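Take a look at the structure set out below.
The values are calculated or read from the model by the stated rules, or taken from the named source; none is laboratory data. Worth saying up front: this structure is predicted, and the values here are computed from it rather than measured. Note that we place each Cβ from the backbone using ideal geometry, even for glycine, and neighbour counts take in every protein chain shown. Keep in mind that these areas ignore ligands, DNA and RNA; they rest on the heavy atoms of the full protein, side chains included. Shrake-Rupley method; radii C 1.70, N 1.55, O 1.52, S 1.80 Å.
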Amino acid sequence: MNAADTRRRVVVTAPDTIEIHTEAVPELKDEEALVRLRVSGVCGSDKAGAHGEHAFFKPPYYPGHEVVGEVVQIGEAVDEVAVGDRVTAEPTLVCGHCKPCTTGRENLCDNLEFFGCGYREGGMADVFTIPASRLHVVPPSFTDHQAALIEPLATPVHAVRLAGDLAGKTVAILGAGTIGLLVLVAARQKGVRRIVVTDTLASKRELALRLGADAVVDAARSDLAEAVRAELGESADVVFDCVSIQPTVQAAIQMVLKGGTVVVVGGARRPITIDLPVVQEYQVRIQGATTYRAEDFQDAIGLIASGAVDATDFITAMFPLSRAAEAFAAMGSGAEVKILVTAEDEVDGAKLHKQGSLP
Ligand SMILES: [Zn+2]
Ligand SMILES: [Zn+2]
C-alpha cells in the first residue's frame, strides 16, 4: 500500500505558535515504518514545549509522542511489525550501544533522541515515519483510547518500579493530573496500605477518590505536609511528586521524614533548592524518574487489559488534527485530564465529556 504524497502535520514553529503544515511525506528508511495516525495524546511536556518552557527542547518542534496508528508501509529491513498492524510508539529513540543502553537503562541513553519532542518526526501528522523497533503492537481488544493511555501509563509504572517494594507502605501523590492519577492506578496494584492524593482542583481530587485514593488533600493548604501526614496517620514511606516545583518538593521532603523516598516524576521545568542538611541527617532518598523501558510498556498494556484503568476516566476532550492548536490551548486550564488529537476530521472539536459518546 502506498501512502499519499503529502501530509498535514502539526508544527510548533515558535512559542505559543501552533501551525498545520502541508508537506511531502518523508522518504522511508530501511529500518522505519510509515504509520497513519489514529489518535495522539497531548502531554504536559507538550504544554511546556509549546510555551517554549521545556527544559530540554525548544521550538520549532514536531509534537505527538503518545501516538496510536496503523502501519501502512515498512522499510526493507523491518520485521518487527507488518502493514495493517495497529501500534503505539515507545518514543525514546535509543542508540543501543552506550553504557545506559547496555546496562538495562536505555531510557537514559547517552545519545537519546525523543520522537515527538525535538526529533525530526512526531505523531501529530496524517502519517509519520518512526524506527519500527520502537513500535508495540496494540492488543486487538483495546479501543484507540485505551491504546492512547499505554505510553502515559508506562511513565508511572516505571516510577513505581523505581520506588521499590510498596507492599504495606504509605504513599502520597502530589498532583492529580494524568501522571498523578496513573501513579495512583499503578501504585494500587502493589499492595500499598494507604494512599493520599493532593491537588488544587476539587474535580481532580474527586476523580482521585473515585480511582481509589484513601483520602485527598487540597494542595493549596499552607500546612500541606502536616495535612497529608494526618491523613496517612504517619509519615509517608514514598511521595511521588508529579508537580515538581519548589513548594511540592519541599512539602514532599517534609512528608517522608524520616528515612523516606521522594520520587520526582512530574516534568521539572527549572532548578529548585532543597534543604540538604535535612536530606542528609534524616536519610531522605530523592529519586528522579523519567520515561520507561519496554518492560514498563508491557506492564502498562497488562494493567489496561486487566481493567485497572478505565479510559473514559482519563480522556476528557478530543480535537481533530486540523484544530490541534485548540487542543494545546485546552491544556492551559488544567481542568482536563488527557486530551487527544484525532485523525478524523469529522470529530466535532467541542470537548466530548466522558458521559458523552466516546468510543
Ligand atoms: Zn508524555
Ligand atoms: Zn544508548
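With an 8 Å cut-off on Cα pairs and a minimum separation of 6 or more residues, tell me the relative contact order of the range 53-181 in percent. All intermediate terms of the calculation are to be shown ahead of the outcome.
Values: 177 pairs, mean separation 34.3, N = 129.
In percent, rounded to a whole number, it is 27.
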Tell me the relative contact order for the range 253-345 as a rounded percent, counting alpha carbon contacts under 8 Å between residues six or more apart.
22
The range 93-198 - Debye-derived log10 I(q)/I(0), Cα point model, q = 0.19 Å⁻¹
-1.13
Using the Karplus curve 6.51 cos²θ - 1.76 cosθ + 1.60 with θ = phi - 60°, what ³J(HN,Hα) values do you get for each residue of the range 201-218, in whole Hz, with x for Gly and Pro?
9, 4, 4, 6, 5, 5, 4, 4, 5, 5, 8, x, 5, 6, 7, 10, 9, 5
What is the packing order of peptides 269-276, 157-164, 184-191, 219-226, taking the mean over residues of other C-beta atoms within 10 Å and listing the highest first?
157-164, 184-191, 219-226, 269-276
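Listed highest first by mean packing, meaning other Cβ atoms within 10 Å per residue, what order do 240-251, 283-294 come in? Numbers along the way, then the final one.
Working: 240-251: 22.3, 283-294: 17.4.
Put in order of decreasing packing, that is 240-251, 283-294.
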Keeping all protein chains in place, calculate the accessible area per residue for the range 63-182 (probe 1.4 angstrom), answer in Å².
32
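Please report the carbon-and-sulfur percent of the accessible area for the chain; probe 1.4 Å, protein heavy atoms only, DNA, RNA and ligands left out.
Numbers: 7410 of 15090 Å².
Of the solvent-accessible surface of the chain, carbon and sulfur hold 49 percent.
Determine the alpha carbon to alpha carbon distance for each of K47/K338; K47/K204; K258/K338 and list only those over 23 Å.
Numbers: K47/K338 12 Å; K47/K204 19 Å; K258/K338 35 Å.
Long pairs (Cα-Cα over 23 Å): K258/K338.
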I need the phi-derived Karplus couplings for the range 31-43: 6.51 cos²θ - 1.76 cosθ + 1.60, θ = phi - 60°, integer Hz, Gly and Pro marked x.
9, 9, 10, 9, 10, 8, 4, 10, 9, 9, x, 9, 9
What does the accessible area per residue of the range 279-347 come to in Å², with a 1.4 Å probe and no ligands, DNA or RNA counted?
41
At 1.567 mPa s and 4 °C, Stokes diffusion of the chain via Kirkwood alpha-carbon radius, µm² per second:
62
Mean-square fluctuation maximum in Gaussian network of the chain, Cα pairs under 10 Å, restricted to A48, A77, A176, hits A77
For the range 139-238, what relative contact order do you get, as a whole percent, if you take Cα pairs closer than 8 Å and at least 6 residues apart?
26
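Can you tell me the mean projection area, over all orientations, of the convex hull of the range 1-62's alpha carbons? Units nm², please.
Values: hull surface 21.1 nm².
Value for the range 1-62: 5.3 nm².
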Once you've got the GNM for the chain with C-alpha springs shorter than 10 Å, pick whichever of D144, D79, D214 has the biggest mean-square fluctuation.
D79
